[in-house]
1. For segment 161-208, report the accessible area per residue in Å² (1.4 Å probe, heavy atoms, rounded to an integer).
2. Just check segment 161-208 against the gyration tensor rule for me: Cα atoms, a ≥ b ≥ c as the square roots of the eigenvalues, rounded for a/c under 1.5, and otherwise prolate or oblate depending on whether a/b exceeds b/c.
3. Where a ≥ b ≥ c are the square roots of the eigenvalues of the C-alpha gyration tensor, would you call segment 275-327 rounded, which needs a/c under 1.5, or, failing that, prolate if a/b is larger than b/c, or oblate?
4. For the charge dipole of segment 275-327, defined by +1 on Lys and Arg C-beta atoms and -1 on Asp and Glu C-beta atoms about the Cα centroid, which residue among 325, 298, 313 has the Cα displaced farthest towards the positive pole?
5. What size of dipole, in debye to the nearest 20, comes out for segment 213-280 about its Cα centre when the only charges are +1 on Lys and Arg C-beta atoms and -1 on Asp and Glu C-beta atoms?
6. Charges only on Cβ, +1 for Lys and Arg, -1 for Asp and Glu: so what's the dipole of segment 275-327 about the Cα centre, in debye to the nearest 20?
7. What accessible area per residue comes out for segment 214-270, rounded to a whole number of Å², with a 1.4 Å probe?
8. With a 1.4 Å probe and every protein chain kept in, tell me what percent of the accessible surface of segment 275-327 is carbon plus sulfur.
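The values are calculated or read from the model by the stated rules, or taken from the named source; none is laboratory data. Values in this document were obtained by computation on a predicted structure and should not be read as measured data. Every residue, glycine among them, receives a Cβ derived from its backbone with ideal geometry; neighbour counts consider all protein chains shown. These accessible areas exclude ligands, DNA and RNA; they are computed on the full protein's heavy atoms, side chains included. Shrake-Rupley method; radii C 1.70, N 1.55, O 1.52, S 1.80 Å.
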Amino acid sequence: ALRSRSGRSIINGNWAIDRPGRYEGGGTMFTYRRPNEISSTAGESFLADGPTNEVLDVYMIHQQPNPGIHYEYIIPGDNVISPQLLAHRRPGEPLNGQLGMPEGTSHEDEDLHRETDILTGQSAGTFPVIQPGRFPSHQPENQVPAMQPPRQNREHNWKQVGKTECTTTCGKGSQYPIFHCVNRITHEEVPEGYCDSSTKPLPEEEACNLFPCPAFWDIGEWSECSKTCGLGMQHRQILCRQIYANRTLTVQQYRCQHLEKPDTTSTCQLKICSEWQIRTEWTSCSVPCGVGQRTRDVKCVSNLGDVVDDEECNMKLRPNDIENCDMGPCAKSWFLTEWSDRCSAECGDGIRTRSVVCMTNHVSSLPLEGCGNNRPSETTPCNNGPCAGRVEWFAGGWTQCSTECGSGTQQREVICVRKTEGNFDVLNPYECSHLEKPPSQQSCYLKPCGSKWFHTEWSTCSKSCEGGFRVREVRCLSDDMAASTQCDPQLKPEEKEPCNTQDCVPEIDENCKDKYYNCNVVVQARLCVYTYYKTACCASCTRVANRQSGFLGRR
């Protein structure tokens, strides 16, 4: 933008953008160019012949990195001659009181002189002074004498034959007179070489088409759509403009009332919005009791059915994909391992063992009394069959391993006995000397110092008939009875199993009978709610009540 120090805008001011053209300001005329921003990479520019008669300020606004400004200017010399003065000067006349070309200068020197002046004037905008003595003062013998000043009785002269076309059709344009060389008597046009070029009048600018141009609506570009998807709004600036003196001015809107005003707002839709879809139902609660969490799968889906990034959907409308769930207070329960595989005795009565621990809140261990006094048994009897009455080594049970995990040792008592039905007799060891004596000590390795599965007793079946289910809690516990994740998942006991799969059989009351043959009418009339009819038509009313409760149960 170009503005004077007084604040008057010359090009692009007052929040309006002018069209390319010529604009007057600062004592000169500026030519404003703005190339097409799509097809050209050149920037905006303005050019003036000058000189300017006041200080002008150049403003630039940019939204991208500053592209910079390239500028050129001309500084006048000290001793210069106006090109207009040089054009009206006759050969031999002094220039501003200084001696020009001597009369004796040859045609060749005169041509050189003019060529030097013109070239200098094109680069600096002025013509330098010709210093005396620059050219030879004598005429060479082989040169034709210099051209004499034109005489008034020449046969040809310059004549105005018309004017150039006005630069604008309205709003003050400019035009220039056109001069041609003609025969003085017949006024026929002849080549310009017949006339003296130094006497050709300079065309002076004349104003034309001074009446103002009709006002018009200047339509700005549409703004970006207010929404990236779905129905939005976009806006544009509409100004009433009028061109005068090569300058586009913003005028009152009533001047454009003869034209229909374009819309300043419009609806827009870049694309159809994506939407949220719930892909799965809620998962089971993460804990069997207490407060846990459950999740579901929520995806952003485009109008084509493709899963896209969540940012393409309205995050404010996103359904929850995780929420808390309360499974009720946690009860203290006994956790048990499976029974050991081997019986403690190879024949006769023995025992099998298991581990029992009281747990609550899923992770913490409580004293045994926290689960009550009804502690499940840690041993159960077993019998691998009767022992024959023979002498043999009898090995007692191994003592506990000296370490709870890792490598250790354990002891047992080995005696010679004769086992009979019901009891056995202890013999001297030599009675069994012919038999291989079992070891009384061995190394033991109960488990790696890791974890194993514990579970509670089965819960009561959820239904007494027609198939229910019962559950128990299973946890992986380390040696110190803390929750662990090191148990083998393939060995994890089941947490849920079906139960009571038999059909439901209603109880038959021998005293419940229909006393009338038309009890079906009582049922249809829905009179079973009354005590009299409920007793008189007991069987029919009971069948209806059972069907209704079964229907509600299935729901």
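1. For segment 161-208, the per-residue accessible area is 64 Å².
2. prolate
3. In terms of gyration-tensor shape, prolate.
4. Farthest towards the positive pole: 325.
5. In total the dipole reaches around 80 debye.
6. 200 debye
7. Computed with neighbouring chains in place, this is 68 Å² per residue.
8. Carbon and sulfur together cover 44 percent of it.
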